[in-house]
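Okay, structure first, notes after.
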Amino acid sequence: MNSIQNESVEKIARIQWLELQKQLLYLQKNSKFYKKLFKDNAIDISEIRTEADLRRIPLTTKEDLQNYNEDFLCVSEEEVIDYVTTSGTLGNPVNFALNENDLERLAENERQSFEMIGMLKGDKVQITTTLDRRFIAGMAYFLGLRKLGAGIIRTGSGLPHLQWDSILRFKPNYLVAVPSFLLKMIEYAQANSIDYKNSSVKAAVCIGEPLRDQHNNLNALGKKITQLWDIELFSTYASTEMATSFTECVYHTGNHIKPELIYTEVLDESGNPVKIGEIGELVISTLQVQTMPLLRFATGDLVSYIADICECGRNSMRLSPVLGRKKQHIKYKGTSLYPQHIIDVLIGEVLIPNFIIVVQKDEVGMDLLSIKLADTISEKEIAVLRQGFQTSLQVIPEIVLVNEKELNKLKHPVGSRKPVLFLDLRTTEI
Ligand SMILES: [Zn+2]
């Protein structure tokens, strides 16, 4: 497989559409789930010739994957090599499986991603994410780097001392990391007098957390990391379901789509495509996948298309960073918001580390937005925060001061592995 990204926009679209048609035929022949879906909706796939035709096919949801998981399997079980699950951030994890072809496709996907950020054969890369735990991406990084010809150090997740020991021993110039873990590594280096600022590491390929805002500038987390450690951060966006990653090139102006591996749509609430630059839900169809291909899968992630030509010369469309989850949309005093917008003001502009964003409905069904803060905050800080909200969001949420202990209890409910920063008390979905 060679990347088609440098072909003309028209040729890319043509190749992508051919791949999609191949996948439709494959699903019609091999997928129990999609065969039934086509039949139930009287869809003859030979009549799917345009994007408008494609939109006649109903969306596949996370619930479909949960309820009919085995019906998505298109190969016999003896062909399966790798069994993985989704992360399960919003619900139960879902099973996925990959055969030889899918692992090779995944390797090619990551090879292209690493190449896109300027990595070459001979570069050394330390993978600080897990390679096991049923995680699709760890193995994908290893396979992609191997295909590229890079040197790989598999430290796995956590263990800052092992990370630094490996950096000092093997002198990698790249890390693959979750952004907030980079902060932990910096903390460890500072506490143990490691000269991290002069280490061999020049850049990190980041996963799992947004690093940039909708204008592609570093967000609060990204700024915090680079202020402490002057390395280049590359944002990527991927999921088990998509089996493909969207990656920034060296110009950092959105995540390039790999058109031969995935077909994307960005849709409004009514299922119609949004205009370039407008925000909508990302709907994907995997291409060239054999074991569990997905057709028109609704990711729940809100993104926009970036269409202007990238300076790197690739003509593929790009996606903005994920700007929110569809279910987390807030409409407050006529303004559309997502939790990340509010978090960026709290952390980025005012540096308030301890907060919870609460959204609930008032008696007429409108969203009420408030921020709970520890009552140790000063009047002056509150004034700066209000100003920050007004400037960045054009609205000021209600600010509620609570006892610090009470706030921490709310932030760390029993059984939760991550602190709760956003509490959604609305009962009806939007
Ligand atoms: Zn580019």
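The values are calculated or read from the model by the stated rules, or taken from the named source; none is laboratory data. Because the structure is a prediction, the values reported are computed rather than measured. A quick note on method: Cβ atoms are made from the backbone with ideal geometry, for glycine too, and the neighbour counts reach across all protein chains shown. These area figures cover heavy atoms from the full protein model, side chains too; ligands, DNA and RNA do not enter into them. Shrake-Rupley method; radii C 1.70, N 1.55, O 1.52, S 1.80 Å.
Observations on the structure shown:
- Charges were assigned to the Cβ only: +1 to each Lys and Arg, -1 to each Asp and Glu. The resulting dipole of the range 97-209 about its Cα centre is roughly 260 debye.
- Peptides 92-100, 286-294 ranked from most to least packed by the mean count of surrounding Cβ atoms within 10 Å: 286-294, 92-100.
- Along its principal axes, the range 329-424 has C-alpha extents of 35, 32, 22 angstrom, given from the largest down.
- Average Cα contact separation per residue, the range 236-384, under 8 Å, 6 or more apart, as relative contact order %: 15
- Relative contact order of the range 329-424, pairs being alpha-carbon contacts under 8 Å that are 6 or more residues apart, as %: 31
- Rh by Kirkwood over Cα pairs, then Stokes-Einstein D for the range 206-354 at 1.567 mPa s and 4 °C, µm²/s: 79
- Sequence-separation-based contact order of the chain, relative, with Cα cut under 8 Å and 6+ spacing, percent: 13
- Selection from Leu37, Gln23, Thr129, by position along the positive dipole direction of the range 7-147 (Cβ): Thr129
- Taken over the range 303-375, the convex hull of the Cα atoms encloses 136 Å³ per residue.
- Rolling a 1.4 Å probe over the protein heavy atoms of the range 258-299, with every protein chain left in place, gives an accessible area that is 47 percent carbon and sulfur.
- Part-to-part distance (alpha-carbon centres) for the range 297-352 and the range 1-59, which is given in Å: 27
- Furthest towards positive pole of dipole, Gly158, His215, Ala191, structure part the range 104-236, Cβ charges: Gly158
- Averaging 1/r across all pairs of distinct Cα atoms in the range 1-93 and inverting the result yields a Kirkwood radius of 15.7 Å.
- For the range 217-296 versus the range 179-208, the gap between their alpha-carbon centres in whole angstrom: 25
- The chain - accessible surface per residue (Å², probe 1.4 Å): 49
- Just the protein heavy atoms count here, and of the accessible area of the range 69-136 at 1.4 Å, carbon and sulfur take up 46 percent.
- In terms of packing, defined here as the mean over residues of other Cβ atoms within 10 angstrom, the peptides 309-322, 171-184, 355-368 line up highest first as 171-184, 309-322, 355-368.
- Charge-dipole axis of the range 205-265 as Lys and Arg at +1 and Asp and Glu at -1 on Cβ define it, positive-most pick from Thr264, Ser239, His252: His252
- Taking Cα centre as origin and charging only the Cβ of basic (Lys, Arg, +1) and acidic (Asp, Glu, -1) residues, the dipole magnitude of the chain rounds to 580 debye.
- Based on Cα atoms of the chain, Rg over Rh with Rh as the Kirkwood radius reads 0.97.
- Rounded to the nearest 20 debye, dipole of the range 329-424 from Cβ charges on Lys, Arg, Asp, Glu: 280
- Based on the Kirkwood approach, the hydrodynamic radius assigned to the range 104-236 is 14.9 Å, with every pair of different Cα atoms included.
- Peptide packing for 125-136, 201-212, 237-248 was compared via the average number of neighbouring C-beta atoms within 10 Å per residue; ordered from the highest value, the list is 237-248, 201-212, 125-136.
- Note on Lys197: aspartates and glutamates with a C-alpha under 14 Å away, same-chain residues under 8 apart excluded, are Glu187, Asp230, Glu232.
- Pairwise Cα inverse-distance average, inverted: Kirkwood Rh of the range 292-332 (Å): 12.7
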